[in-house]
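The values are calculated or read from the model by the stated rules, or taken from the named source; none is laboratory data. Keep in mind that this is a model prediction, so the values were computed, not measured. Cβ coordinates were reconstructed from backbone atoms using ideal geometry, including for glycine residues, and neighbour counts include every protein chain displayed.
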Ligand code: GLA
């Protein structure tokens, strides 16, 4: 009897074992129903192989714990004779063929004139949190390997596709997308996205989703400021900033990209993103593959605020070059707005002395140090130290900076060339051009054709030499124009359009090799401001420059927009001189408070600062160092928006709730009205916080008071702001935890 019950128990155990194992696994395949369940963080993402062998989307949203609830995928019927099952069925990665009228994920022209592509499931492989599914055309040897990675902590799903041409001939990819995402079927969605122009980046747009298609894109060859590759969707009216379902995503690609947000006639919202199909025509030789950019997407039920926080955490832990080991950003000085092109050893040393005395940790020399670069008409391409301005090379300046206890950084713009340069005189063919056509200059410069491997090698070698021969900790990598005349005459005609992809692949290649060879080197991505900020470049850059507009009031809106998609950790912000953009002059305190909401820098001419300015700067820089861990790596809550009314405020909370920092700004006071208390978020309710106020007018931190988390969240904190352009920061340190 005993033996029998043991055998029964063992049998049960063996039956249950796969279930126990699978319950813990973030990726499961349920054979009986042929469905895949991706399950992590707060989300479930479910799709299956349907009756027609298509890959069909089933669910994406808040975590559903019971796999049994999901039925097998069943293709949807045609709608009359017009919308065929190809169109009505939500396919995970549809090829353009068999009467597809929604946005395709892949469209191919074959050399025999065939343009029909129907992708069916072949097999799959699960490896921990990774899933690879192979699809194949029903007749031709074109395979697509879909990769899914689900990130356990944040519930972000990353998708890309490897398109493999196993036919004997080359094919042309007219469109190669990374993924199609589906929202729960229905209407009433609202789309948020970020647009801008030079010095006016990161403007948040909100609009209802209607039937039809909305295109977010860059055709410029780089990420661009015009639109950033990020989206967020929610149900209009059912969500506020901290509550309600939000689906969001971002592309990891720094070349031309596109995200289309489509509402089909069948109440299905679908988002497709990847390479921009405009002028794409990618030539894929026989036996070759093309990998699409990663498309990351997530879900939260904590409103748009929660969506940002999930992305911030994901970026810090999974995207940035050192992931969760990313170093706290140092306080930086950059000489650009102080000197423009007028750089020389003595001038830079004088600025470095002053910067070090304030508590600056990194000194960066900007444009003008190389070749014949005395203005923006010449020199790009000639990356040797200007012997007139630096007769002894960079050595004496760098040594001086290091003796002052700072590290040294340098500005470069590797992808560009001025026609007035030795490099252009030697290699006019290296500039991007169409044979016999004019070459359009922008800021007096052309683009190098970095799709060429010889150009790539040239750039890698001078950068490597520069960093090897000089003690350089940091490069500000700039990119000050977009593509024009994107020709590549040196390769056969059919392959010339590959420039759109190859250019960016080679930029990544240089950055990857440089970083590998110089593991301590840090990089800032800049493109005349925020023109190259995306999850592709952020895998290779510790920080980014959001905008050339450093005027503090504008900056509040710019920074707010930026943080919808990207973490304050990477957001470089400078305090600069006034009057600045808009002819506006605001106090130094206001400028510091604004810039302290991300990674703090100074870009002012310190030679012009008074002793009071210097005293204030020393005090607030020391203050910033006591809060920066929370600002850079904490949870961001938007308390009041600079675009609605005249108050803006933000709050940062350390993940363990032991510290919180608040910034508040009054743009203009009217009718003598006092500002209402700010209701803080996410504190330890039972904890006691020591609250100190950094008041710009006094220029120092006032005595702390002790208040409970419950009081601070429910009664709030009085900002006591008056007049025009007043600002304050509060630091809350938990002295008595719950
Ligand atoms: C761009 C950058 C600026 C500065 C200049 C130098 O505009 O955004 O910060 O580096 O180039 O030419």
Exercise. Just checking, how many residues over the range 422-432 are under 30 Å from the mean Cα position of the chain (by Cα) and assigned to a loop (DSSP other than H, G, I, E, B)?
Worked result: 1
Problem set entry | Given (1) within 16 Å of the ligand (Cβ to nearest atom); (2) in a loop (DSSP other than H, G, I, E, B), index of the condition residue 351 fails | (2)
Seminar exercise, completed: From the option list 420, 407, single residue qualifying as away from the ligand (no atom under 16 Å from the Cβ), touching a residue at least 40 places away in the same chain (Cβ under 8 Å) and surrounded by 15 or more Cβ atoms within 10 Å (Cβ to Cβ) is 407
Problem set entry | Among residues of the range 556-593, those that are more than 15 Å from the ligand (Cβ to nearest atom) and over 13 Å from the mean Cα position of the chain (by Cα), counted | 18
Exercise. Looking only at strands (runs of 3 or more DSSP E) that fall completely inside the range 658-738, which ones have 1 or more residues that are within 13 Å of residue 590 (Cα to Cα)?
Worked result: 659-666, 688-695, 726-736
Problem set entry | Which numbered condition residue 476 misses (of (1) more than 18 Å from residue 499 (Cα to Cα); (2) surrounded by fewer than 23 Cβ atoms within 10 Å (Cβ to Cβ)) | (2)
Exercise. Of everything in the range 442-455 that's farther than 23 Å from residue 390 by Cβ and buried (at least 22 other Cβ atoms within 10 Å of the Cβ), which residue is farthest from the ligand (Cβ to nearest atom)?
Worked result: 451
For this session: Search the range 22-39 for residues that are on the phi > 0 side of the Ramachandran plot and outside any helix (DSSP H, G or I) and pair each with any residue that is crowded, with 16+ Cβ neighbours inside 10 Å and at pLDDT 95 or above when their beta-carbon atoms are under 6 Å apart and the residues are at least 6 apart or on different chains.
Result: 34/48; 34/49
Exercise. Under 32 Å from the mean Cα position of the chain (by Cα), at pLDDT 95 or above and within 16 Å of the ligand (Cβ to nearest atom), is that true of residue 458?
Worked result: no
For this session: Evaluate the range 225-237: report whether one residue or more is touching a helix residue (DSSP H, G or I) at 6+ places or on another chain (Cβ under 6 Å) and part of a strand (DSSP E or B).
Result: yes
Exercise. Within the range 668-677, is even one residue at pLDDT 95 or above and closer than 17 Å to residue 305 by Cα?
Worked result: no
Exercise. Restricting the search to the range 100-131, which residues are over 17 Å from residue 180 (Cβ atoms) and in a loop (DSSP other than H, G, I, E, B)?
Worked result: 110, 111, 112, 113, 114, 115, 116, 128, 129
For this session: Test residue 394 against the stated conditions and say whether it is crowded, with 21+ Cβ neighbours inside 10 Å and within 13 Å of the ligand (Cβ to nearest atom).
Result: no
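Quick grid of which residues meet (1) crowded, with 19+ Cβ neighbours inside 10 Å; (2) touching a residue at least 12 places away in the same chain (Cβ under 8 Å); (3) outside any helix (DSSP H, G or I):
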| position | (1), (2), (3) |
| --- | --- |
| 383 | yes, yes, yes |
| 387 | no, no, yes |
| 402 | no, yes, no |
| 435 | no, yes, yes |
| 440 | no, yes, yes |
| 468 | no, yes, no |
| 472 | yes, yes, yes |
Problem set entry | Meets criteria (part of a loop (DSSP other than H, G, I, E, B), at negative phi and within 16 Å of the ligand (Cβ to nearest atom)) for residue 533 | yes
For this session: Determine which member of the set 239, 264, 223, 195 is buried (at least 17 other Cβ atoms within 10 Å of the Cβ), at pLDDT below 95 and more than 18 Å from residue 158 (Cα to Cα).
Result: 239
Exercise. Does at least one position in the range 600-622 carry a residue that is away from the ligand (no atom under 16 Å from the Cβ), closer than 30 Å to residue 445 by Cβ, in a loop (DSSP other than H, G, I, E, B) and without any contact (Cβ under 8 Å) to a residue 24 or more places away in the chain?
Worked result: no
Problem set entry | the range 199-223, residues that are closer than 23 Å to residue 275 by Cα and in a loop (DSSP other than H, G, I, E, B) | 201, 202, 209, 219, 220, 221, 222, 223
Exercise. In the range 361-375, what residues are within 12 Å of the ligand (Cβ to nearest atom) and closer than 23 Å to residue 460 by Cα?
Worked result: 364, 365, 366, 367, 368, 369, 370, 373
Exercise. Of the residues that sit in the range 545-555 and are surrounded by 24 or more Cβ atoms within 10 Å (Cβ to Cβ) and not in a loop (DSSP other than H, G, I, E, B), which one is farthest from the ligand (Cβ to nearest atom)?
Worked result: 552
Exercise. Considering 185, 166, which residue is touching a residue at least 40 places away in the same chain (Cβ under 8 Å) and out of contact with any strand residue (DSSP E or B) (no Cβ under 7 Å at 6 or more places or on another chain)?
Worked result: 185
Exercise. Inside the range 354-381, can you point out the residues that are farther than 28 Å from residue 623 by Cβ and either touching a helix residue (DSSP H, G or I) at 6+ places or on another chain (Cβ under 7 Å) or in a strand (DSSP E or B) (or both)?
Worked result: 367, 370, 378, 381
For this session: Residue by residue through the range 311-340, note down the ones that are away from the ligand (no atom under 12 Å from the Cβ), assigned to a loop (DSSP other than H, G, I, E, B), touching a helix residue (DSSP H, G or I) at 6+ places or on another chain (Cβ under 7 Å) and over 14 Å from residue 540 (Cα atoms).
Result: 328, 329, 331
Exercise. Only one of these conditions is not met by residue 387: (1) away from the ligand (no atom under 15 Å from the Cβ); (2) at pLDDT below 95. Which number is it?
Worked result: (2)
Problem set entry | Filtered residues of the range 464-493 (kept if within 16 Å of the ligand (Cβ to nearest atom) and within 30 Å of residue 434 (Cβ to Cβ)) | 477, 478, 479, 480, 481, 482
Exercise. For residue 446, are the conditions met, namely being touching a strand residue (DSSP E or B) at 6+ places or on another chain (Cβ under 7 Å) and not in a helix (DSSP H, G or I)?
Worked result: yes
Problem set entry | Filter result for the condition that a residue is surrounded by 23 or more Cβ atoms within 10 Å (Cβ to Cβ), under 17 Å from residue 57 (Cα atoms) and either in contact with a helix residue (DSSP H, G or I) (Cβ under 9 Å, 6 or more places away or on another chain) or touching a residue at least 40 places away in the same chain (Cβ under 8 Å) (or both), over 102, 118 | 102
